[in-house]
1. Report, as a whole number in µm² per second, the diffusion coefficient that Stokes-Einstein gives for the chain at 37 °C and 0.692 mPa s using the Kirkwood radius over alpha carbon pairs.
2. For Glu252 and Arg140, FRET efficiency with R0 = 30 Å and r from the beta-carbon atoms, rounded to 0.05?
3. Using modelled amide H (1.01 Å from N, peptide plane; none on Pro or chain starts), what sits under 5 Å from the amide H of Phe69, excluding residues fewer than 5 places away?
4. At a 1.4 Å probe, what is the % contribution of carbon and sulfur to the accessible area of the chain?
5. Among Ala21, Thr44, Gly82, which residue has its Cα positioned farthest towards the positive end of the charge dipole of segment 19-84, with +1 placed on the Cβ of Lys and Arg, -1 on the Cβ of Asp and Glu, and the dipole taken about the Cα centre?
6. I need the phi-derived Karplus couplings for segment 29-35: 6.51 cos²θ - 1.76 cosθ + 1.60, θ = phi - 60°, integer Hz, Gly and Pro marked x.
7. Suppose accessible area is computed on protein heavy atoms with a 1.4 Å probe; arrange Met138, Met110, Met165, Met170 from highest to lowest.
8. When ranked by the protection proxy of mean other Cβ atoms within 10 Å per residue, highest first, what sequence do the peptides 151-161, 258-268 form?
Amino acid sequence: MTELRRRGRPSQPESSSQKGAQALERGIAILQYLAQAGGSSSVTDIAENLELPLSTTFRLLKVLENADFIYQDSQLGWWHIGLGVFNVGSAYIHNRDVLSVAAPFMRRLMVHSGETVNVAIRNGGEAVLIGQLECQSMVRMCAPLGSRLPLHASGAGKALLYPLMEDELMDLIVKTGLKSFTSGTLADLHQLKKDLQLSSDRGYVIDKEEHVQGLNCIASPIYDSTGNVVAAISISGPSSRLTPERFLNLGELVRDTATDISAALGLNTPAR
């Protein structure tokens with residue numbers, strides 16, 4: 001059981017950030033305890049097992065209840081794991097499902113394009129790399145899983161941007177800004193929106209050295225069964241090999257691969 005008490009430390013006033021961190025730590029401990037207890041427990045048992053004051057425990061339970069992470073049984077008064085926890089877990093499982101479904105299509109795309117294939121998801125105002133299949137070329141693109149990319153200045157990022165509704169798109173841009181990374185970055189809003197509209201019309205994005213000098217990328221969005229964008233698939237390679245002359249053929253290849261993955265995830269799409 002996680003020990004929450006701090007022993008052997010001199011008494012001193014806690015800052016608001018320290019109090020916030022402690023409350024978060026205790027909230028997580030409550031969720032972990034409920035999971036270990038089979039999904040439900042009484043407030044007394046929770047307080048005793050976590051060595052917390054009863055009043056503190058109840059206050060934390062109410063905060064978790066407001067976030068739908070737990071709920072209280074109206075008859076017995078016990079606390080149960082709530083829908084919010086399920087939603088968080090489902091998001092993790094869903095991302096793993098996307099990669100599982102995409103894996104054979106990623107390999108096919110890597111073989112046909114000769115370039116490294118990536119899968120990314122949106123996390124707040126950034127794209128996050130969750131899957132990669134490196135090509136066999138001596139010179140190739142590779143980045144650690146978990147790498148974060150700007151939405152407005154990367155292939156995967158723009159592929160996650162252009163399917164969004166206008167108000168959501170503008171809200172993201174206002175929050176993240178349009179930072180320049182290279183001379184090719186579309187840091188002007190009018191230019192970016194024009195590029196996103198063109199990408200939407202053809203079904204794929206071109207990142208021409210917009211994030212990293214000497215690196216080009218082509219990407220398309222992946223949709224789930226409800227038509228929501230859940231990820232982006234891309235190919236990346238040195239600009240000396242992934243040249244503009246190849247953009248059309250490779251763009252269609254990436255687009256068709258994204259369409260196949262979306263169909264495998266349950267999206268009904270018209271036959272090509």
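The values are calculated or read from the model by the stated rules, or taken from the named source; none is laboratory data. If you're wondering where the values come from, they're calculated on a predicted model, not measured in any experiment. Heads up, the Cβs are rebuilt from the backbone with ideal geometry, glycines too, and the neighbour counts pull from every protein chain shown. Only protein heavy atoms, including side chains, enter the accessible area calculation; ligands, DNA and RNA are left aside. Shrake-Rupley method; radii C 1.70, N 1.55, O 1.52, S 1.80 Å.
1. 154
2. Details: r = 22 Å, r/R0 = 0.73.
It comes out at approximately 0.85.
3. So Phe69 has HN proximity to Gly84.
4. The nonpolar share, carbon plus sulfur, comes to 54 percent.
5. Ala21
6. 4, 5, 4, 5, 5, 4, 4
7. Met138, Met165, Met170, Met110
8. Final packing ranking: 151-161, 258-268.
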